[in-house]
Amino acid sequence: MSPIIFSALAVGFFGSAHCIGMCGPIAIALPVPNSGAFNFIVGRVLYNIGRIFTYSFLGALFGLLGSRIVIAGFQQFVTIFFGVIILLIVLTPFKYKAKFTQHKLVQKISTPIKSGIAELFKQGTVSSMFLIGVLNGFLPCGLVYIAIAGAIASGDAVSGMLYMILFGIGTFPAMFAATIFGKFINLNIRRKLAKAVPAFAIVLAVLFILRGMALGIPYLSPKISAQTVSQSEQECHPVEK
């Protein structure tokens, strides 16, 4: 299994501070069912499972795109490209990132999603928590974009789905804690954890770039041969006998 796949868990876990900052208001404000403490906990778990469900769908979708890239013979170029993109995202000043989230196109995508979440909030049922999580997973998020880059670089739909599931699992502890104890999470702790996010994003970017360079380092930067591409093509388009 590629180290890039395993890096998904670390990116999700250490990027959780970013998740709390971006999605925290939704997680903290989740409605409280009137049916007791058990359903309260179940609802919070379902919310997070909903997020991971969306991430797995996005992982399969973009992983499939990655498999087309492998067949086309551009895997090395694209892997290096996404490594560079991640570095640029990390190094871009916050004020410019904020302008991106305020762009009209981004708002057109996010506004209907937020409206749907608002309607589900009014229902306040345990089952609605899952759907809130599903919609929440589609909201624009820089950390999710980085994870999607990993899913594309993984090279196939199954690996892409696995990458995003591991990423989601990595975010689960902090996001679940935010739904339970969000109002009591110390701001200083959030800031300290947030400082670790760029470091792990840079590590992921370096992994992408090294993998794309195909230096012949086992697991980390293996050679990508024509035979490997041919095998990938055969897996996607098996010859009928």
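Could you check the simple spin-label distance between Phe181 and Ser127, using points 7 Å along Cα→Cβ, in nm with one decimal?
If labels sit at Phe181 and Ser127, their model points lie 3.3 nm apart.
Once the other residues with Cβ under 10 Å from the Cβ of Ala27 are scored (Lys, Arg +1; Asp, Glu -1), what is the net sum? Before the final figure, lay out each step's value.
Details: positive: Arg44, Arg51; negative: none.
Cβ neighbours under 10 Å give a net charge of +2.
No value in this document is a laboratory result; all are computed from the given coordinates. A quick note: this is a predicted structure, and the numbers were derived from the prediction, not measured. Here the Cβ is made from the backbone with ideal geometry for all residues, glycine too, and neighbour counts use every protein chain on show.
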